[in-house]
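Worksheet: one structure, shown below.
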Amino acid sequence: MKALILVGGFGTRLRPLTFSCPKSIVEFANQPLVTHQIKALVDVGVTDIILAIGFQPKAMIEKIKQFEEEYKVRIICSQEVEPLGTGGPLRLAKEHLVKDNPEGLFFVLNSDVICDFPFKEMLAFHKNHQKEGTILLTKVQDPTKYGVVVSDSNGRIERFIEKPKQFISDRINAGIYLFNTSVIDRIPLEPHMLELNTFPTMAKEAQLYSMDLPGFWMDVGQPKDFVIGTTLILESIRTKNPSALSTGQNIIGNVLIDPTAKISPTAVIGPNVTIGPDCIVEEGARLKNVVMLKNSTVGAHSWVDNTIVGWDSKIGKWVRIEGLTVLGEDVKIKDELFINGCSVLPHKVISTSINEKGQILM
Ligand code: GTP
């Protein structure tokens, strides 16, 4: 079977991390975001994955061999010269999707969504309704902020409604689809959004069905959701593979620590923390709701909450960081500072406290 993953977006909302690499290879729960999808696709029998790339192609192409070897899958890059949106890339990759595909089916995924990926159930549902497309839906608390989907009791999609003022549905598109290859011919070879163009037409023709996604879901394309998504995936690991989580007297709740990281036994870590390879956490430090990317350091007696620490960044001693702060790559925070809810661009040295939330430090 085949799948196409949309990895070509600019990822502007995940800046400053996406100044350094494409969103889909930012490590989420200590592995490149897109590999969560690759692994789940391989597990359901997908043998060929097309990565629809655009922005920052070099960084992605460099990773492909590693992903192919690690997940035992063939990966093909389909590269756009101009951004083709969420639909155009399918048309561009038509040859790859149709060739050697006797079942005539393929999955399509946004690269920034995480969940338990119920691909097996999706396949059974799709084969049962026998129409051209299936999209996964997830339930949200406040549907007025989203485009919602209205389906009948069999899952046949009736309508899409943008930001409804009154309650009509609390189910939104989860960014995961299963299509017959015939859907490709509905898409022109130009910038094109599936959600705005192809889906409403397919719904009118009764060719599009929806399946409710069981369990957790998050679009981790912005820092707040990246941190919340980390909490959700750690809880999922707790249920499915608890031995992957770290334990110890100084560990609280769900914590994932790469074996190469060096954590002082007097540092207190958790809940909801991931610590990547070669990271250092010094004595007496306190971390909760934190993502530490490769080779970053938290100095002695620092308090870090609700923060993403970018690759190679270094937080000094007796620092306090909170309020959804994102440090880009190679940022240095000097000793004894207070940093509250800001984004720090790569290669910046911070020498004074930032009390006011929402600042971007360049
Ligand atoms: P923002 O700039 O923060 O909105 O992120 P984004 O550019 O990734 O956009 P968005 O999160 O809406 O994209 C959803 C999915 O579609 C992501 O997996 C993107 O990588 C992908 N995507 C968006 N635009 C394009 C495009 O023009 N080409 C390709 N190949 N993928 C795209």
Q: For a footprinting-style exposure proxy, rank Val42, Val220 by other Cβ within 10 Å, fewest first.
A: Val42, Val220
**Q.** Taking Glu158, Glu80 and counting other C-beta atoms within 10 Å, the order from fewest to most
**A.** Glu158, Glu80
Q.
Starting from 0.36 nm per residue, how many nanometres of slack lie between Glu195 and Val349 once their C-alpha separation is accounted for?
A. 51.3 nm
Q. How many angstrom separate the Cα center of region 69-87 from the Cα center of region 187-235?
A. 18 Å
**Q.** Overall form of region 113-198 per C-alpha gyration tensor (a/c, 1.5; a/b vs b/c)
**A.** oblate
Q.
I need the trypsin sites (Lys or Arg not before Pro) found in region 49-83, filtered to DSSP loop residues with at most 15 other beta carbons within 10 Å of theirs.
A. Lys72
Q: Would you list the membrane-span-like helices of the chain, meaning whole DSSP H runs whose alpha-carbon atoms span at least 18 Å along their axis and whose mean Kyte-Doolittle value is at least -0.5?
A: 223-240
Q. For Val42 and Asp335, what is the calculated FRET efficiency with R₀ set at 41 Å and r taken between the beta-carbons, to the nearest 0.05?
A. 0.35
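With respect to the cross-link table entries Lys23/Lys314; Lys131/Lys204; Lys145/Lys165; Lys163/Lys204; Lys163/Lys357; Lys94/Lys204, which display a Cα-Cα separation exceeding 18 Å?
In this structure, Lys23/Lys314; Lys163/Lys204; Lys163/Lys357; Lys94/Lys204 exceed 18 Å between Cα atoms.
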Q | Fraction of antiparallel bridges per DSSP, the chain only, in percent to nearest 5 | A | 30 percent
Q | region 306-362: trypsin sites (Lys or Arg not before Pro) in DSSP loop, at most 12 other beta carbons within 10 Å | A | Lys357
Q. Hey, if you drop one equal point scatterer on each alpha-carbon of the chain and run the Debye formula without solvent, what base-10 log of I(q)/I(0) do you get at q = 0.08, 0.10 Å⁻¹?
A. -0.42, -0.65
Q.
Just want the ordering: Ser313, Ser151, from fewest to most Cβ atoms lying within 10 Å of their own Cβ.
A. Ser151, Ser313
Q: Compute the signed sum of charges (Lys and Arg +1, Asp and Glu -1) over the other residues within less than 11 Å, Cβ to Cβ, of Val148.
A: +2
Q.
Could you tell me the ratio Rg/Rh of region 232-362? Both radii from Cα atoms, Rh via Kirkwood.
A. 0.97
**Q.** trypsin sites (Lys or Arg not before Pro) lying in DSSP loop within region 85-128, provided at most 10 other Cβ fall within 10 Å
**A.** Lys99
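First measure r as the distance between the Cβ atoms of Lys262 and Glu70, then evaluate 1/(1 + (r/R0)^6) with R0 = 25 Å and state the FRET efficiency to the nearest 0.05.
The calculated FRET efficiency here is 0.50.
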Q: Using a Gaussian network model of the chain whose springs link C-alpha atoms within less than 10 Å, name the residue from Phe117, Phe28, Phe67 with the highest mean-square fluctuation.
A: Phe67
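Quick note: the coordinates plus some simple rules give every number you see, no bench work behind them. Bear in mind the structure is a predicted one, so any value in this text is a computation, not a measurement. No Cβ is skipped: glycine too gets one built from the backbone with ideal geometry, and neighbour counts run over all protein chains shown.
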